Every structure is written in structure tokens, then in C-alpha cells.
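Have a look at the structure below, then the notes.
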Amino acid sequence: MSADSRPGAARTFRAVSGPVSLVLCSLLALFLLGDAVLRAGWGQMLLLAPWVLLGLWVVYEIAFVSTVRIDDDGAVVQNMLRRTSFGWNRVRDIDLRWQLVFSLDDGSDVTCYGGPAKARPVRRPTGDDAEAKAPSGLRELSEIRDRWQAASGKADAPVRRDWDSRALIALAAIVVWAVAAVLVAGG
């Protein structure tokens, strides 16, 4: 899945199953919380909500948030709670093992959980004379490699690793809410 395919525009790669999983789990969470309101009232729903939201937060972190974003200057790899950004001049090699892997000049490898991945080959009927299409992971890998090879001299940003502070703040709020719910329900 990508945001924009124009040359020079930033492009984001994400597993197709991520948004689908997040939407389905969000609908399930909404149903569960709505059912709690109808059966037990708003007060009980507020006591149950942090647990449902904690499950939704886990699905968000595991399935949706992992992405690879590329532009003319470099790449940003978001793997769950960890974000790594670097300029194209810091990249030694790009490979597609099971997932996309950037080998950086500091000797580290950044494996991308949410980017292009190797897929099983598509089975074609034996009598079909149509030309075989390259798997989407290989097409996306070639697009990323083309962007890397066409990088300009200003693509020399340092390797930066940091945490996803917004997700950690959301987790802290849910945990505080859950502790408050336990204290209210136990008292």
C-alpha cells in the first residue's frame, strides 16, 4: 500500500493486512463498548473500556503502525514502538529477505516489519501463455532501490533512532485508566 507514486513524492509502504485488521478490531471494540452501555450503563462501560482499548492498542502497534516511508532524502522505518530514520548516503545495501532490510554504513541492519515482504509465488495455470507478473514485493524493492540510487548529495542525514512517544503516551493513559478502573471496581 502506498501514499503517492509520483517521482520525488514521499511514499509509504505498509502491510495490506494492517489497515484491515485495525478497522475490523475497531469495529469489534465499538460493538463491545456499545453492548456494555446497553446492558450495564455508562459507568460499567467506563470500567471495561481500558481493557478493550488496551487490546485495540496492541493490534494497532502490531498490525498497523509498522511502515517504511521513503522520499528523495532518505527513509523512515517504523517498527512498532521504534523509529529509525536515515539519509540515502548512509545505506550500503537494500535486500528483500522475508522483509525489507536496509544495511547501514554503521554496520547495523534495519529490518522493516511493515514494508515490502517476500510472498509466495502466484500459481498460474499450466496452459496459460500470459507473461508472469513480478511479485509486488519485488516491484516495491526495485522502486526503493531506484530512489536510493538516484539520491542527491543532500541525502546525508544521520542515522537516528527514537521511540514513538505518542504511542507510549497513549499506552500510559490507558494503563492509568485501567488502574483507576480496578481501584473503583475493587472499592
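The values are calculated or read from the model by the stated rules, or taken from the named source; none is laboratory data. This is a predicted model, so every value here is computed, not measured. In this analysis, Cβ positions are derived from the backbone assuming ideal geometry, glycine residues included, and neighbour counts consider all displayed protein chains.
List of remarks:
Here is a yes/no grid of residues against (1) modelled with pLDDT under 95; (2) touching a strand residue (DSSP E or B) at 6+ places or on another chain (Cβ under 9 Å); (3) within 24 Å of GLY18 (Cα to Cα); (4) aromatic (Phe, Trp, Tyr):
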| position | (1), (2), (3), (4) |
| --- | --- |
| ILE94 | yes, yes, yes, no |
| THR126 | yes, no, no, no |
| ALA132 | yes, no, no, no |
| LEU141 | yes, yes, yes, no |
| ALA151 | yes, yes, no, no |
| ASP156 | yes, yes, no, no |
| VAL179 | no, no, no, no |
| VAL184 | yes, no, no, no |
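- If only residues of the range 162-187 that are among the charged types (D, E, K, R) and in contact (Cβ under 8 Å) with a residue 60 or more places away in the chain are counted, the one that is nearest to LEU48 (Cα to Cα) is ASP164.
- Only one entry of ARG14, ARG97, ARG39 meets the criterion of being farther than 26 Å from ARG161 by Cβ and among the charged types (D, E, K, R), and that entry is ARG39.
- Inspection of the range 84-99 finds no residue satisfying the criterion of being among the small types (Gly, Ala, Ser) and touching a helix residue (DSSP H, G or I) at 6+ places or on another chain (Cβ under 7 Å).
- Those strands (runs of 3 or more DSSP E) of the range 1-119 in which at least 2 residues are of a type in the set (S, T, N, Q) and either surrounded by 15 or more Cβ atoms within 10 Å (Cβ to Cβ) or without any contact (Cβ under 8 Å) to a residue 24 or more places away in the chain (or both), considering only elements entirely within it, cover 74-79, 82-87, 99-104.
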